[in-house]
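The values are calculated or read from the model by the stated rules, or taken from the named source; none is laboratory data. From a predicted model like this one, the values you see are computed outputs, not experimental measurements. Here the Cβ positions follow ideal geometry from the backbone for every residue, glycine too, while neighbour counts run over all protein chains shown. Surface areas here come from the heavy atoms of the whole protein model, side chains and all, with no ligands, DNA or RNA. Shrake-Rupley method; radii C 1.70, N 1.55, O 1.52, S 1.80 Å.
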Amino acid sequence: MHQIHSPVDALVEGDADPALGDNIVPLDNRRDAQPGRILGHLVELNGLHAVISSRMGTGQSGTHWSVGHLITIVHADVRIVGVVCTLAAADRRWTDAETNVVHVRVELTGEIIENSRGKPQFRRGLQSYPGLGAIAHRIRAADLAAIYAFRENDGVEIGHLSQNEKIPAT
């Protein structure tokens, strides 16, 4: 029986919380596609930013994308982390009658890797870049926790992250 030693362990091994959009799976199954987490595909890339093309139906604006939220882009055996900077309708028009294509510009900040114990760990910068068409996902709770985790020290909890209320801000 595996014991849970930290909040990150619990998030990785816990059940999904559909209300928060956190479809967490065991790390060994992380490549399995989860349609609820897929946001779109990479359509533009430079050394600092990426643009993701996504489809949005009516009534999805608050739950689909938000400036300041973190997302991940699948690449090789890492997940590239991006911060949403800009949202724009691809044709600069919006219709309530059908699905709209949006372009989401993200700033690339780093990568989530698996450490020697198989736990997610964040590192700044990118070692390589994904190709066009790469899949963008909602960030996993465990990855979000890894970004804000102290490496070896415990911090003082001052609240919770706005993107996931279950993760303490330390």
At most 11 other Cβ atoms within 10 Å and a DSSP loop assignment: could you name the trypsin sites (Lys or Arg not before Pro) in segment 67-143 that fit?
Arg92, Arg93, Arg117
If amide hydrogens are placed 1.01 Å from N in the peptide plane, which non-local residues have theirs closer than 5 Å to the one on Leu161?
Ile167, Ala169
Cα gyration tensor category, rounded, prolate or oblate, for segment 51-170 with a/c compared to 1.5:
oblate
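How about segment 44-146: which chymotrypsin sites (Phe, Trp or Tyr not before Pro) there lie in a loop by DSSP and see at most 12 other Cβ atoms within 10 Å?
Here the chymotrypsin sites (Phe, Trp or Tyr not before Pro) that fit, given the DSSP loop and packing criteria, are Trp94.
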Each label sits 7 Å from Cα toward the beta-carbon; between Ile113 and Glu165 the label points are separated, in nm, by 3.6 nm
Computed over segment 89-144, protein heavy atoms only, probe 1.4 angstrom, the accessible area per residue in square angstrom equals 55 Å²
Take Tyr129 and Ala97, extend 7 Å from each Cα along the Cα→Cβ direction, and tell me the distance between the two endpoints in nm.
3.9 nm
GluC sites (Glu not before Pro) within segment 37-116: DSSP coil, no more than 12 neighbouring Cβ in 10 Å:
Glu98
A correct Karplus calculation of ³J(HN,Hα) over segment 111-122, with 6.51 cos²θ - 1.76 cosθ + 1.60, θ = phi - 60°, whole Hz and x for Gly and Pro, returns 9, 9, 10, 9, 6, 4, 9, x, 9, x, 9, 8
